[in-house]
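What follows draws every value from the coordinates through simple rules; no lab data is involved. Since this is a predicted model, take the numbers as computed values, not measurements. Every residue, glycine as well, gets a Cβ built from its backbone with ideal geometry; the counts of neighbours run over all protein chains shown.
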Amino acid sequence: MSDQIQVVHDPARQRFAVSVDGELAGFAEYRSRSGGTRRDFTHTEIDPAYGGRGLGGTLVSAALEQTRAEGLTIIPHCPFVAAWLRRHPDFAGTVEWPAGAEG
C-alpha cells in the first residue's frame, strides 16, 4: 500500500507544503518579489520522520513547476532548491541566480 502524497500551495503563508496521508511532512518557503513577478525560495524543510522518501524533490519539483506555469521568475536562495535546479537545466530560462550562486 502506498502513501498518499500531496503538494499544495499556501499563498497566505508564502509556501508550498507536502503532506503524506494528510500529515504535514515538509514545506518550501518563498518571498514574493518585484510586484509579484519573482518568487524567491528561501528555505525548504522536510520533517526527519519523513526523510529518505524523496519528498524534498517531489515538493520542490511541484513548487517550481507551478511557479514556472504562473510565468514567475525563480530565485533560488535556498541551497536545496539551488541544487535541484542545477540537476534540472530545463528550468534555466526561468531562474535568476543570486550573486555568487550561479547554476
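Key figures
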| item | result |
| --- | --- |
| Hey, Val95 over 14 Å from Phe27 (Cα atoms), of a type in the set (A, V, I, L, M) and buried (at least 19 other Cβ atoms within 10 Å of the Cβ) or not | yes |
| Whichever residue in the stretch 28-82 is part of a loop (DSSP other than H, G, I, E, B) and among the charged types (D, E, K, R) and, among such residues, is nearest to Ile5 (Cα to Cα) | Arg53 |
| When residues of the stretch 54-103 are limited to those that are among the basic types (Lys, Arg) and touching a residue at least 12 places away in the same chain (Cβ under 8 Å), the one nearest to Val8 (Cα to Cα) | Arg68 |
| Qualifying position, being surrounded by 14 or more Cβ atoms within 10 Å (Cβ to Cβ) and either within 10 Å of the chain's Cα centre (by Cα) or aliphatic (A, V, I, L, M) (or both), among Arg38, Arg33, Arg15 | Arg15 |
| Enumeration of residues in the stretch 89-98 that are of a type outside the set (Asp, Glu) and either over 13 Å from the mean Cα position of the chain (by Cα) or in a helix (DSSP H, G or I) (or both) | Pro89, Phe91, Ala92, Gly93, Thr94, Trp97, Pro98 |
